[in-house]
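Here is the structure we will look at, set down as structure tokens.
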Amino acid sequence: MDTNTAESQTIGHLPNLPVQGEHPLLDIPFVVGIDGRQFKGERLSLVAAEITGLMGPALDGATRLMRFMFPFKGFSVTLEVLGQVQSSDHEKGTATVNFVDPAGEHLPQLRHLINSYIAGDLVALGEVIGVAPSIPSPANRAAAMNAKRLTFSRVLGSAGLALATLALVAAVGTLAYNRIFTQPLAAPGLAVQDGMTLTATAGGQVDYVNLAAAKGEVAFTIRATSGEMLSIAMPCDCTATALAATVGATVNAGEPMLNVHTADAAMVLTATVPAADVLTLAFADHIKVQFGDGSTINAAVDPASLRAEATAAGLPVRLIPATPLQADQLGQLAKLTIIKKSWF
């Protein structure tokens, strides 16, 4: 190809281009985002751009960090450019954007796009930029093979990115579910044999405990803060398990002291729930119970235990396990989580 032919092709690709200094303004499709609003790009150079769109008076003369988006078929290229807006015609909504720092980090990518457009490698297809078809020569077949390998690597990288994105979405979904539909309880659960819970009638110090007391005998005594000695009798001939009944311990009124039960009683869970969580517990779908060995079961709150009045220490509740507890779980503490009812 001779020089005259090359010059004529280049000139034919850029008919009557407006020039701003030494930089021609090109009719390359692009969109500009300013303050959350989009403007249509009319012409573009390395130092300025002409845009149209509905803009307020406050934008005239303002300096903003703008997003220049170049739409291709199937993807887009976005560059962030710091520019100053100079309104040309308020009625028509036209304005000129002068780049504050033309040699900024956006320059290499913008120069590549503009040079490719001038060279004819990129063509405008409506409001989308397309790549002009070309026939590879023997001299650049090796480069084409390398490009294919690079594309394959990018596909693998995109697949890895997609998997990572799915994992992130799953993690976010799990966190959102846990935040909305679950509520951990500060108080632990205790696996005990089903029976009756004896609570402290007043705040004070535990003075006496007799787990082997017969029916009618004193089970425990509290020296109240008022100085009185308050004794609680064993209500039945049964086995007693200490909860907070330890001689010398300080207890609050309503705090569970003993669990009394028959020898063959089934196992349940007891917990002292803070007053702030009682309403949530009452409307729960179920309670998730997790023991120290990692095993989990579901349980339901006994409605009868919710009828008592909560004290400063909380409300003692009885949880009925969905599956029978094992013998080795007796006396073990468990982590309790309220599972709220969902709408789906």
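Loop only per DSSP, at most 14 neighbouring Cβ atoms within 10 Å: give me the chymotrypsin sites (Phe, Trp or Tyr not before Pro) in the range 25-81, ordered by residue number.
On the way: sites: Phe30, Phe39, Phe68, Phe72, Phe75; in loops: Phe30, Phe75.
Taking the range 25-81 and a limit of 14 other Cβ atoms within 10 Å, the loop chymotrypsin sites (Phe, Trp or Tyr not before Pro) found are Phe75.
Whenever you get a sec, compute what percent of the accessible area on the range 185-301 sits on carbon and sulfur atoms (1.4 Å probe). Write out the running numbers ahead of the final one.
Working: 2930 of 5470 Å².
About 53 percent, which is the carbon plus sulfur part of the accessible surface.
List every residue whose amide H lies under 5 Å from the amide H of Ala62, counting only residues 5 or more places away in sequence or on a different chain, with H placed 1.01 Å from N in the peptide plane.
Under 5 Å from the amide H of Ala62: Val85.
Multiplying the sequence separation of Gln84 and Val131 by 0.36 nm and subtracting their Cα-Cα distance, what value in nm do you get?
Roughly 13.8 nm would be gained on extension.
Starting from the Cα of Lys92, draw a straight line to each of the lysines and keep only those under 22 Å, dropping any in the same chain fewer than 8 residues away.
Lys40
Under 24 Å from the Cα of Lys335, which lysines turn up, not counting those fewer than eight places away in the same chain?
The qualifying lysines are Lys288.
Roughly what % of Cα-Cα distances in the range 194-344 sit above 21 Å, to the whole percent? All intermediate terms of the calculation are to be shown ahead of the outcome.
Details: 5656 of 11325 pairs.
More than 21 Å apart: 50 percent of the Cα pairs in the range 194-344.
Can you tell me the accessible area per residue over the range 201-344, all protein chains present, probe 1.4 angstrom, in square angstrom? Provide the component values of the computation, followed by the final result.
Values: 7670 Å² over 144 residues.
The answer is 53 Å² per residue.
Heavy-atom accessible area per residue, the range 64-116, 1.4 Å probe: how many Å²? Each step should come with its number before you reach the end.
Details: 3110 Å² over 53 residues.
Per residue, the range 64-116 has 59 Å² of solvent-accessible surface.
The values are calculated or read from the model by the stated rules, or taken from the named source; none is laboratory data. Just so it is clear, the model here is predicted, and its values are computed rather than measured. Note that each Cβ is placed from the backbone with ideal geometry, even for glycine, and that neighbours are counted across all protein chains shown. We work out accessible area using only protein heavy atoms, side chains counted, and drop any ligands, DNA or RNA first. Shrake-Rupley method; radii C 1.70, N 1.55, O 1.52, S 1.80 Å.
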